[in-house]
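Here is the structure we will look at, set down as structure tokens.
The values are calculated or read from the model by the stated rules, or taken from the named source; none is laboratory data. A quick note: this is a predicted structure, and the numbers were derived from the prediction, not measured. Note that each Cβ is placed from the backbone with ideal geometry, even for glycine, and that neighbours are counted across all protein chains shown.
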Amino acid sequence: MAQIPQHPALPLLKQRFPDTKFLVGSFRDMVTVIVPREKIREVCFCLRDEPTLKFDMLFELNGVDYLGYPGAQHRFAVNYGLLSTETGRRLWLKVYLDPTMPTAPKTAPLDSEVMEKGDPGLKIDSVYPVWHGADWMEREAYDMFGIIFVGHPDLRRILTWSAFGSYPLRKDYPLRGVGERESYKIVTREK
């Protein structure tokens, strides 16, 4: 019989968001709360500002691509690892996202056009206003998975270039790349 996870944040979330359906699970004593996409920033502010919890640190933010994963109902997820530096408590939040546009390589818009032309199914509110430490973590998730963080002050690629056209950690990205190696001009020591 499955045990109901216990965490001090769970009753608070139930009380503060009575109309929101949260799913909760645990693995190796780490509790994960699945949050609806439209509530993520509000939930994060609540968890940070609640005096009994004080989740004052975002220690991890990453993307996951579930393409081909057995039993997966959603394509992408964003995971948020929260820590209270005062109590040492940890909590994971997860938001599922599903693309509405093709995800094949060479279909990504430029950074300057991503807010207008980017996939609306992969847009989620940035948690940068809650924890400024989310800055580069959100940029990396955008660069590698194409997850668009709305309200981020400087959402641009951090590991590849703006015209790259693909998101290399997506499962439909070819393992050998899509010709990036072959298109580089070879530079030699001779003039």
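Here are the criteria: (1) of a type outside the set (A, V, I, L, M); (2) at pLDDT below 95; (3) touching a Gly at 6+ places or on another chain (Cβ under 7 Å). Tell me which single one Phe76 does not satisfy.
If we test Phe76 against (1) of a type outside the set (A, V, I, L, M); (2) at pLDDT below 95; (3) touching a Gly at 6+ places or on another chain (Cβ under 7 Å), just (2) comes out false.
Give the residues of region 107-123 that are of a type in the set (A, V, I, L, M, F, W, C) and buried (at least 16 other Cβ atoms within 10 Å of the Cβ), sorted by residue number.
Ala108, Val114, Leu122
I'd like the full set of residues that are touching a residue at least 12 places away in the same chain (Cβ under 8 Å) and more than 19 Å from Pro120 (Cβ to Cβ), limited to region 150-164.
Scanning region 150-164 gives Pro153, Asp154, Arg156, Arg157, Ile158, Leu159, Thr160, Ser162, Ala163, Phe164.
Specify the residue that is surrounded by the most Cβ atoms within 10 Å (Cβ to Cβ); the eligible residues are those in region 158-191 that are touching a Lys or Arg at 6+ places or on another chain (Cβ under 7 Å) and modelled with pLDDT of 75 or more.
Checking each candidate, the answer is Ser166.
Quick check on region 107-149: of everything there that is touching a residue at least 60 places away in the same chain (Cβ under 8 Å) and of a type in the set (Gly, Ala, Ser), which residue is nearest to Gly68 (Cα to Cα)?
Ala141
Name the one entry in Lys94, Lys117 that is of a type in the set (Lys, Arg), under 30 Å from Val31 (Cα atoms) and out of contact with any His (no Cβ under 8 Å at 6 or more places or on another chain).
Lys94 is the lone residue from the list that is of a type in the set (Lys, Arg), under 30 Å from Val31 (Cα atoms) and out of contact with any His (no Cβ under 8 Å at 6 or more places or on another chain).
Considering only region 166-176, I want to know if a residue exists there that is over 21 Å from Asn79 (Cβ atoms), among the hydrophobic types (A, V, I, L, M, F, W, C) and not in a helix (DSSP H, G or I).
Yes, region 166-176 contains at least one residue that is over 21 Å from Asn79 (Cβ atoms), among the hydrophobic types (A, V, I, L, M, F, W, C) and not in a helix (DSSP H, G or I).
Of all residues in region 43-70, which are at pLDDT below 95 and small (Gly, Ala, Ser)?
Answer for region 43-70, where residues must be at pLDDT below 95 and small (Gly, Ala, Ser): just Gly68.
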